[in-house]
Ligand code: SF4
Ligand code: SF4
């Protein structure tokens, strides 16, 4: 898949699944995320280093893990975005532009 990643780091934060199936983020970064550089320190073998770390495929895009403004999903019809923490929403606005979850909802996209 073409590399569209803007290196916002958000998808490297821990998440849980709510009862209704929504992915809910926490403010806890993966232990392999270098917060100074925003890079994964085990990138070449990340899926072996961390079982939950998955490569981005079309199937993964449908899981609702990536934030609404992530280039991989921002124009995806019917995409159901995860719930970010206030801190991560701020990070999304700063790194991915105005298309954070709130803006996406205002524009009528990503309705649940
Ligand atoms: S959320 Fe999207 S843009 Fe941000 S790090 Fe993950 S794949 Fe890259
Ligand atoms: S292993 Fe690397 S790419 Fe995977 S979640 Fe952790 S920091 Fe991100």
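Do we have any residue at all in the stretch 62-83 that's assigned to a strand (DSSP E or B) and within 12 Å of ligand 1 (Cβ to nearest atom)? Talk me through it step by step, then tell me what you get.
Step one: filter the stretch 62-83 for residues assigned to a strand (DSSP E or B), giving 83.
Now narrow it down to the ones that are within 12 Å of ligand 1 (Cβ to nearest atom): none.
The answer is no; no qualifying residue exists.
Within the stretch 28-57, residues that are on the phi > 0 side of the Ramachandran plot sit with their Cβ atoms under 7 Å from residues that are outside any helix (DSSP H, G or I) and at pLDDT below 95, at 6+ positions apart or across chains, in these pairs: 38/7. Among the residues of the stretch 1-27, write down those that are out of contact with any helix residue (DSSP H, G or I) (no Cβ under 9 Å at 6 or more places or on another chain) and on the phi > 0 side of the Ramachandran plot. If the condition is that a residue be out of contact with any helix residue (DSSP H, G or I) (no Cβ under 9 Å at 6 or more places or on another chain) and on the phi > 0 side of the Ramachandran plot, then 21 is the only one that fits. Candidates in the stretch 40-52 are the residues that are more than 22 Å from residue 83 (Cα to Cα) and within 8 Å of ligand 2 (Cβ to nearest atom); of these, the one that is surrounded by the fewest Cβ atoms within 10 Å (Cβ to Cβ) is 43.
The requirement of being surrounded by 15 or more Cβ atoms within 10 Å (Cβ to Cβ), within 13 Å of ligand 2 (Cβ to nearest atom) and modelled with pLDDT of 95 or more is fulfilled nowhere in the stretch 53-63; no residue meets it.
Counting only residues that are assigned to a loop (DSSP other than H, G, I, E, B) and either modelled with pLDDT of 95 or more or more than 11 Å from ligand 1 (Cβ to nearest atom) (or both), how many does the stretch 30-52 have?
Kept after step one, since they are assigned to a loop (DSSP other than H, G, I, E, B), are these residues of the stretch 30-52: 30-32, 35-38, 41-42, 50-52.
Checking the rest, the ones that are also either modelled with pLDDT of 95 or more or more than 11 Å from ligand 1 (Cβ to nearest atom) (or both) come to 30-32, 35-37, 41-42, 50-52.
Of the residues in that region, 11 qualify.
Residue-by-condition table, conditions (1) within 20 Å of residue 4 (Cα to Cα); (2) modelled with pLDDT under 95; (3) outside any loop (DSSP other than H, G, I, E, B); (4) in contact with a strand residue (DSSP E or B) (Cβ under 9 Å, 6 or more places away or on another chain):
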| position | (1), (2), (3), (4) |
| --- | --- |
| 14 | no, no, yes, yes |
| 27 | no, no, yes, yes |
| 88 | yes, no, yes, yes |
| 98 | yes, yes, no, no |
| 104 | yes, yes, yes, no |
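The values are calculated or read from the model by the stated rules, or taken from the named source; none is laboratory data. Predicted model, so just to flag it, every value in this text is computed and none were measured. Heads up, the Cβs are rebuilt from the backbone with ideal geometry, glycines too, and the neighbour counts pull from every protein chain shown.
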